[in-house]
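Student: I have a structure here, written as structure tokens, and I will follow up with some questions on it.
What follows draws every value from the coordinates through simple rules; no lab data is involved. For clarity, every value in this text was computed on a predicted model and none was experimentally measured. Quick reminder, even Gly has a Cβ in these numbers, built from the backbone with ideal geometry, and neighbours come from all protein chains shown.
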Amino acid sequence: MPAEEEFIRHQRGKWSMTGVPHKGWTCVDIEDLGEPQTECEMCESQTIRYVHHMEHPDYSGGLTVGCVCAGHMEGSLVAAREREATMRSRTGKRARWLSRVWKTSAKGNPTIKADGFRVTVYERGGGYAATIAAVDGSRVQHARRNFPTVSRAKLAAFDHITRLLSQAHQ
């Protein structure tokens, strides 16, 4: 049995506290910290890398928790594991993002099609920005800020697409 399951079974951390709901939570976001570096706020025992941000209507504020605690809190360990597997996949894809073959647009800017979007990076105001357009033409979004390098603008676009895809699956 995984350690996090043991912590739940033995009611470690907030699992043993009255006033903290154990079911009915919703995952509102997930993030990759890059390495295990923070403690699950529910079991208060597991060091986690992939942080599931959970909210509950009867609990003030949210909790940042690991996969197994998130699954028990929302009532679907399968959903939590799928969400984390998707994040792991996106992490690997992000690592390869800059080395992918980017084409050059008619205006001479780096551009690529990925995940149903076209990303174009361009110079703007002494830095670089990106435009993300859905391939189906349903939306176009321009970066609100500039980035110091083309690579940083490309990675910001990738991260934004990841958030858009995550919102679409909620």
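Student: Springs between alpha-carbon pairs under 10 angstrom, Gaussian network model over the chain: which of SER138, SER60, SER16 fluctuates most?
Tutor: In the Gaussian network model the winner is SER138.
Student: For ALA134 and LYS107, what is the calculated FRET efficiency with R₀ set at 30 Å and r taken between the beta-carbons, to the nearest 0.05?
Tutor: 0.90
Student: Most mobile of VAL20, VAL121, VAL51 per a Gaussian network model of the chain (Cα springs, under 10 Å)?
Tutor: Result for the chain, Cα springs under 10 Å: VAL20 fluctuates most.
Student: As a test of the formula, what do you get for the chain when each DSSP H run with n ≥ 4 contributes -39,500 (n - 2.57) and the sum is divided by the residue count, at 222 nm and rounded to the nearest 500 deg cm²/dmol?
Tutor: Computed mean residue ellipticity for the chain: -10500 deg cm²/dmol.
Student: Longest exposed-loop-site-free stretch of the chain, with trypsin sites (Lys or Arg not before Pro), DSSP loop and at most 15 other Cβ within 10 Å?
Tutor: Of all site-free stretches, the longest is 24-99.
Student: Let me ask something else about it. About the Cα centre of region 98-168, what is the dipole size in debye to 20, counting +1 per Lys and Arg Cβ and -1 per Asp and Glu Cβ, all else neutral?
Tutor: 100
Student: Something else now. Please identify, among ASP136, ASP29, ASP58, the residue showing maximal mean-square fluctuation in a Gaussian network model of the chain using a 10 angstrom Cα cutoff.
Tutor: Fluctuation is largest for ASP136.
Student: In debye to the nearest 20, how big a dipole does the chain give about its Cα centre with +1 on each Lys and Arg Cβ and -1 on each Asp and Glu Cβ?
Tutor: Here the chain has a charge dipole of around 1200 debye.
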